[in-house]
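The values are calculated or read from the model by the stated rules, or taken from the named source; none is laboratory data. Because the structure is a prediction, the values reported are computed rather than measured. Neighbour counts run over all protein chains shown; Cβ positions are idealised from the backbone, glycine included. Note: areas computed on protein heavy atoms with side chains; ligands, DNA, RNA excluded. Shrake-Rupley method; radii C 1.70, N 1.55, O 1.52, S 1.80 Å.
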Amino acid sequence: MNTTPGTPDPSLAAYTVIGSGGRPAPASRISVVVLNRGGRIYRARQLQDLERAGFAEVVSVEEGGEGRHELEALVSRFPSTRFAVVPAGLTPGERANIGFREARMPWVLLLWNDQKLAAGGLSSRFVDRIEERAWLCATPWYRARDGETLPAIGAPALEGSALRVLSLEPREDGEKALFPLDYAGVYSKARFEALGGFDREYSRPWWQLVEFGFRAWLRGELLGSAQALRVDYVEAPPAYDTSPGPDYRRFHLRSLAPVRRSDAAHLPWSRFLPYAAGAGVGIGEAYREFKAARAWVADNAFRFRVDARALVDLWEPIP
C-alpha cells in the first residue's frame, strides 16, 4: 500500500495519504473531495459512482481511528481514489482544507458521503459557465430524501449590529449565495486557497461557513447557486447549531464591525463599548478580543472591497 505523509503546512494538521490515485483523468478538470460523517454504508457505492462519472480523481478525507483493514480494501477496490487520513476531532472546514491541498485539478467538487449528485456527474460545460461568471464557488440545489427542495440559499440581513441569515429556496440559476450551505459545492481551487480556505479558529461549523462566505463577499469574491448542480441527501440533512458564542464574537468583530473608508477597513474604538456591553464576557476579556480583532483587521485592511453594511444594503437577490 502506498502511504505518504501530507506536505508540511503550518496551517494544516498533520495527515497521511493512502493510495496513489493513479493519473488524473485528462478529460476532466474537477477533483472530488469527499468528507465523511455518520455511518459508512453508502461510502463504497458513492466512490464507485464518482469514479464512473469521469471526474479527474477522488480524494476521500478519513478520520484517524477508522478501520485500517477497511481502508486497505477500499484502496484496492478504488484505484482512482486517494484517502487522506486526518486526526480525529478536526472541524469540517479543516478537513476540507486538507482535501483541497491534496486535489490536483483547478476545480474541486466538495461533497459529504451522505450526498449524491442527482444527475450522476457534471457536464464539461458546467465548469465553463463558472469560469465565465468568475465565481469562487457554485453552490448546489439540495433535495431531501422525499424529493423536497430545501432552502439552500443564505441571504444576509442586519438587525442593528447583529446578523440575521435568511434561508431561501432557490428559484433561478445564478442567484447569489451568501455561503456554501453544508460545505458542498464546486470551488475554484486557486480562489479558495488565495482566500485562505475555511478558518480553523472556528469550532462550530455554522459560524465557520458563515464566516467563509462573508469573508469571500467582503473581499470581492462571488458565490452563486447553480441549478445544474443538484445534490440529493441519502440521510436527513444535518442540523447546525446557530447559537452565538465565542465564534460569533470573533465573526462579529472581524466581519460585521469593521468600517471601510478610503480603500481600507478599520475597526474603530468607538465600537468597543457597545461590543463589551453585549458580549456576555468580562470587560477584560472583551478588551482582549477587541484588541486582537483590531490587529487582524489592520493586517487585512486593504483586502476588504466593501464593509458589512454596504454588502447587506447592496444585496439584491433575484425577485
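Below are the figures for this structure:
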read-out	value
Those residues of region 130-159 which are assigned to a loop (DSSP other than H, G, I, E, B), modelled with pLDDT of 95 or more and not small (Gly, Ala, Ser), in sequence order	TRP135, LEU136
Hits in region 133-156 (condition: free of Cβ contacts under 8 Å to residues at least 24 places away in the same chain and within 16 Å of SER225 (Cβ to Cβ))	THR149, PRO151
For SER167: the one exception among (1) in contact with a Pro (Cβ under 9 Å, 6 or more places away or on another chain); (2) open to solvent by less than 10 Å² (accessible area, probe 1.4 Å); (3) under 25 Å from ALA310 (Cα atoms)	(2)
Region 170-194 - residue that is touching a helix residue (DSSP H, G or I) at 6+ places or on another chain (Cβ under 8 Å) and assigned to a strand (DSSP E or B) and, of those, surrounded by the fewest Cβ atoms within 10 Å (Cβ to Cβ)	SER188
Qualifying residue in region 201-220 (condition: open to solvent by less than 20 Å² (accessible area, probe 1.4 Å), in contact with a strand residue (DSSP E or B) (Cβ under 8 Å, 6 or more places away or on another chain) and part of a strand (DSSP E or B))	no
Matching residues, region 91-104, being buried (at least 19 other Cβ atoms within 10 Å of the Cβ) and over 14 Å from the mean Cα position of the chain (by Cα)	GLU102, ALA103
Sole residue being under 20 Å from the mean Cα position of the chain (by Cα), closer than 23 Å to ALA14 by Cα, open to solvent by less than 70 Å² (accessible area, probe 1.4 Å) and at pLDDT below 95, chosen from VAL127, VAL34, VAL58, VAL75	VAL58
Test: residue in region 225-248 that is more than 25 Å from the chain's Cα centre (by Cα), open to solvent by 60 Å² or more (accessible area, probe 1.4 Å) and charged (D, E, K, R)	no
Close pairs from region 188-215: first in contact (Cβ under 8 Å) with a residue 12 or more places away in the chain and under 18 Å from SER243 (Cα atoms), partner open to solvent by less than 10 Å² (accessible area, probe 1.4 Å) and polar (S, T, N, Q), Cβ under 6 Å, at least 6 apart	TYR202/GLN208; PHE214/SER255
So ALA295, is it at pLDDT 95 or above and farther than 17 Å from LEU166 by Cα	yes
When residues of region 252-290 are limited to those that are in a helix (DSSP H, G or I), of a type in the set (A, V, I, L, M) and under 25 Å from TRP206 (Cα atoms), the one most open to solvent (accessible area, probe 1.4 Å)	ALA277
Residue list for region 87-107, filter: basic (Lys, Arg) and farther than 19 Å from VAL127 by Cβ	ARG95, ARG101
